[in-house]
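A.B. asks: The structure is given below, and queries will be raised subsequently.
The values are calculated or read from the model by the stated rules, or taken from the named source; none is laboratory data. Please read all numbers here as calculations on a predicted model, not as lab measurements. Cβ placement follows ideal geometry from the backbone for every residue including glycine, while neighbour counts extend to all protein chains displayed.
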Ligand SMILES: C[S@@+](CC[C@H](N)C(=O)[O-])C[C@H]1O[C@@H](n2cnc3c(N)ncnc32)[C@H](O)[C@@H]1O
């Protein structure tokens, strides 16, 4: 495993241990609710949720008829997810980590970079919130080439990024501009911007840190 990935994994585990999880939201992501229908994910399809945390987007997707396959490194996050959602889970040890299952939701406690095409074969859809933008630039390249490249042809999904002047704030979350998304994905995926929204007005903490512009961008990606 590379130094960069090891360091990044350690940082995330420390964040969960220390409760530094400001990224977590108690309500479903507004851009998921707004855009999911336009993504056109096949009815009943399994949605891959990389870097899932304890996101309530997973139950939202399940309520909308999907099976969910989330992948999350931190066991604390996985335990908290099932406890907070009051879901009884069955846990099965797999070569990629402990797989927690409850009804339509399966959450693998493991490293997203360890997944292969077989692990993702059933995922005809994905939802990426606070995931690609959680990774530093070098890992974003690996994420596109080693994780997204394993998703099946025809797979469709929603990716939400943030854009801000990079020198004004240290990530994560990192600023991932449209040019980078296109550079990473356009060779294999059709990339469409669904929404580009100025959100600084609603983000007092970002303004207080001196950030002068902040956009959320929602992309529809479809694998060719
Ligand atoms: C910014 S959080 C976002 C969580 C979730 N998507 C949400 O919207 O609340 C990123 C998550 O990715 C997890 N993570 C980081 N690196 C990972 C890896 N290599 N494999 C799986 N999960 C990882 C972290 O533990 C953290 O919970």
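A.B. asks: Which ones in the range 53-65 are free of Cβ contacts under 8 Å to residues at least 60 places away in the same chain and under 19 Å from residue 13 (Cβ atoms)?
C.D. replies: Answer for the range 53-65, where residues must be free of Cβ contacts under 8 Å to residues at least 60 places away in the same chain and under 19 Å from residue 13 (Cβ atoms): just 54.
A.B. asks: Within the range 81-98, work out how many residues are within 14 Å of the ligand (Cβ to nearest atom) and buried (at least 20 other Cβ atoms within 10 Å of the Cβ).
C.D. replies: Of the residues in the range 81-98, 1 are within 14 Å of the ligand (Cβ to nearest atom) and buried (at least 20 other Cβ atoms within 10 Å of the Cβ).
A.B. asks: Here's another thing I want to ask about it. Is it the case that some residue within the range 58-76 is more than 16 Å from the ligand (Cβ to nearest atom), over 28 Å from residue 197 (Cα atoms) and surrounded by 16 or more Cβ atoms within 10 Å (Cβ to Cβ)?
C.D. replies: Yes; the residues of the range 58-76 include at least one that is more than 16 Å from the ligand (Cβ to nearest atom), over 28 Å from residue 197 (Cα atoms) and surrounded by 16 or more Cβ atoms within 10 Å (Cβ to Cβ).
A.B. asks: Here is a further query. Does residue 29 fit the bill of being in contact with a strand residue (DSSP E or B) (Cβ under 7 Å, 6 or more places away or on another chain) and within 11 Å of the ligand (Cβ to nearest atom)?
C.D. replies: yes
A.B. asks: With modelled with pLDDT of 95 or more, at negative phi and more than 10 Å from the ligand (Cβ to nearest atom) as the only criterion, which of 34, 4 stands out?
C.D. replies: Testing whether each residue is modelled with pLDDT of 95 or more, at negative phi and more than 10 Å from the ligand (Cβ to nearest atom) leaves just 34.
A.B. asks: Quick one: which residue in 182, 145 is under 20 Å from residue 224 (Cβ atoms) and in contact with a strand residue (DSSP E or B) (Cβ under 6 Å, 6 or more places away or on another chain)?
C.D. replies: Result: 182 is the single residue among 182, 145 that is under 20 Å from residue 224 (Cβ atoms) and in contact with a strand residue (DSSP E or B) (Cβ under 6 Å, 6 or more places away or on another chain).
A.B. asks: If you take the residues in the range 101-111 that are surrounded by 21 or more Cβ atoms within 10 Å (Cβ to Cβ) and within 9 Å of the ligand (Cβ to nearest atom), which one is nearest to residue 3 (Cα to Cα)?
C.D. replies: The extreme case among them is 109.
A.B. asks: State the number of residues belonging to the range 113-127 that are buried (at least 22 other Cβ atoms within 10 Å of the Cβ) and near the ligand (Cβ under 10 Å from one of its atoms).
C.D. replies: Here the count works out to 1.
A.B. asks: Would you point out which residue out of 162, 214 is farther than 19 Å from residue 126 by Cβ, in contact (Cβ under 8 Å) with a residue 24 or more places away in the chain, crowded, with 20+ Cβ neighbours inside 10 Å and touching a helix residue (DSSP H, G or I) at 6+ places or on another chain (Cβ under 7 Å)?
C.D. replies: Just a single option satisfies the conditions, and that option is 214.
A.B. asks: Okay, moving on. Kindly indicate whether any position in the range 41-51 is part of a loop (DSSP other than H, G, I, E, B), within 10 Å of the ligand (Cβ to nearest atom) and buried (at least 18 other Cβ atoms within 10 Å of the Cβ).
C.D. replies: yes
A.B. asks: Give the number of residues within the range 12-25 that are surrounded by fewer than 13 Cβ atoms within 10 Å (Cβ to Cβ) and either assigned to a helix (DSSP H, G or I) or over 16 Å from the mean Cα position of the chain (by Cα) (or both).
C.D. replies: 5
A.B. asks: Under 27 Å from residue 216 (Cβ atoms) and either in a helix (DSSP H, G or I) or touching a helix residue (DSSP H, G or I) at 6+ places or on another chain (Cβ under 6 Å) (or both): does that describe residue 81?
C.D. replies: Considered against the rule, which asks whether it is under 27 Å from residue 216 (Cβ atoms) and either in a helix (DSSP H, G or I) or touching a helix residue (DSSP H, G or I) at 6+ places or on another chain (Cβ under 6 Å) (or both), residue 81 comes out as yes.
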